[in-house]
């Protein structure tokens, strides 16, 4: 600078383009940012956020289709973007299944990918569940079945009993040689069979974040088992039910005969010191005629057999949950309540 100088700087605006976002589907959500005017060459990260009870089901319009909720774009023209949100169809069920996370583990057969869930009983009744193996359907259409159950959690092979208002954890383990991780858009299907009422529950989760391995519930179904059996070509369940009914009828007849012998008048003067001891089948037959009995009376009948009421009730109720999904005997305040219909079903299969 050896003298005064004048400098002129010229600025002109870059061309701008419009971003027009439209929404589709049965649900609701929001795409951010919601800025409508963008400069040419600017980079924008679009994020689809679904409302509660809804799920993001993909992009459309000027964006390539995909389920990734975050999409980066460079603006060089006007853009018309469509975001689809659908409402998750979940029927009112007593059982809820919520995804907790993904981890890795080791078993005797090798490494596994573990998906963790919480299973809740939202009813005021105890529920018995059978849980078949879950499966993942890949983007290629291949169905990969669960390898094993995680120890210390629900064992689906043995089923699960959930008391009213409680929850339990469940771990689904997949062989990592077949399923190292789940990809965006792949689906995991979980089926549960509820004993009473007899119904089948299905839960479908979709991977909505492949990096974090997030699974989101996208569909749930409820179907009475009776309807499922009617639609199935396999009539084995129907035949088994008919056999159970026949066995119950025979059992009722034999119980009536046993009760007739118990109530028959004595043929000789009773001997107090040599009172006859009822057998366990006769005690159970007697219980089938009662709505409730004092705990002390039941204890007196079982004492000569070397049994305690609590042991008998535990054994009978364990069988009751298998065949009827509810207890046959319940004790409260020194009184044993008898569910006679359930107890008859238990005796029919003993």
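The values are calculated or read from the model by the stated rules, or taken from the named source; none is laboratory data. None of the values given here were measured: they were computed from a predicted structure. Cβ: placed from backbone, ideal geometry, glycine included. Neighbour counts: every protein chain shown.
Residues in segment 5-45 that are surrounded by 13 or more Cβ atoms within 10 Å (Cβ to Cβ), modelled with pLDDT of 90 or more and in a loop (DSSP other than H, G, I, E, B): 25, 27, 28.
Taking segment 153-171, which residues are in a loop (DSSP other than H, G, I, E, B) and closer than 15 Å to residue 102 by Cβ?
Applying the first criterion (in a loop (DSSP other than H, G, I, E, B)) to segment 153-171 yields 153-159, 163-166.
Selection gives 153 alone.
Every condition in (1) outside any strand (DSSP E or B); (2) in contact with a strand residue (DSSP E or B) (Cβ under 6 Å, 6 or more places away or on another chain); (3) within 24 Å of residue 67 (Cα to Cα) holds for residue 116 except the one numbered (1).
Across segment 46-55, not a single residue is classified as more than 37 Å from the chain's Cα centre (by Cα), in the same structural domain as residue 78 (by TED's automatic domain parsing), part of a loop (DSSP other than H, G, I, E, B) and under 30 Å from residue 206 (Cβ atoms). For segment 70-88, the condition holds for no residue, the condition being that it is touching a strand residue (DSSP E or B) at 6+ places or on another chain (Cβ under 7 Å), closer than 28 Å to residue 150 by Cα and part of a strand (DSSP E or B).
For segment 137-152, indicate whether the set of residues that are in a loop (DSSP other than H, G, I, E, B) and within 20 Å of residue 324 (Cα to Cα) is non-empty. It would help to see each step written out before you state the result.
Here is the first cut: in segment 137-152, the residues in a loop (DSSP other than H, G, I, E, B) are 138-142, 146-147, 150-152.
If we keep only those that are within 20 Å of residue 324 (Cα to Cα) too, we end up with none.
No, every residue in segment 137-152 fails to be in a loop (DSSP other than H, G, I, E, B) and within 20 Å of residue 324 (Cα to Cα).
Answer with yes or no whether residue 159 is more than 30 Å from residue 69 (Cβ to Cβ), at pLDDT below 90 and surrounded by fewer than 18 Cβ atoms within 10 Å (Cβ to Cβ). So residue 159 fits the description; yes. Residues in segment 291-307 that are free of Cβ contacts under 8 Å to residues at least 12 places away in the same chain and under 15 Å from residue 335 (Cβ atoms) were compared, and the one that is surrounded by the fewest Cβ atoms within 10 Å (Cβ to Cβ) is 300. Every condition in (1) more than 11 Å from the chain's Cα centre (by Cα); (2) surrounded by fewer than 16 Cβ atoms within 10 Å (Cβ to Cβ); (3) free of Cβ contacts under 8 Å to residues at least 60 places away in the same chain is met by residue 136 except one, and the failing one is (2).
Exactly one residue among 281, 266 is loosely packed, with under 13 Cβ neighbours inside 10 Å, modelled with pLDDT under 85 and either within 26 Å of residue 331 (Cβ to Cβ) or not assigned by TED's automatic domain parsing to the domain that holds residue 340 (or both), and that residue is 266. Do we find that residue 196 is under 18 Å from the mean Cα position of the chain (by Cα), closer than 30 Å to residue 325 by Cα and assigned to a loop (DSSP other than H, G, I, E, B) in this structure? The answer is yes for residue 196. Counting only helices (runs of 4 or more DSSP H) wholly contained in segment 277-344, the ones carrying 3 or more residues that are closer than 30 Å to residue 156 by Cα occupy 309-323.
Which of the following residues is without any contact (Cβ under 8 Å) to a residue 60 or more places away in the chain and either under 26 Å from residue 118 (Cβ atoms) or surrounded by fewer than 12 Cβ atoms within 10 Å (Cβ to Cβ) (or both): 2, 86?
Details: 86 fails: without any contact (Cβ under 8 Å) to a residue 60 or more places away in the chain.
Unique residue meeting the criteria: 2.
In segment 172-183, the condition of being assigned to a strand (DSSP E or B), surrounded by fewer than 14 Cβ atoms within 10 Å (Cβ to Cβ), touching a strand residue (DSSP E or B) at 6+ places or on another chain (Cβ under 6 Å) and outside the structural domain of residue 324 (by TED's automatic domain parsing) is met by no residue.
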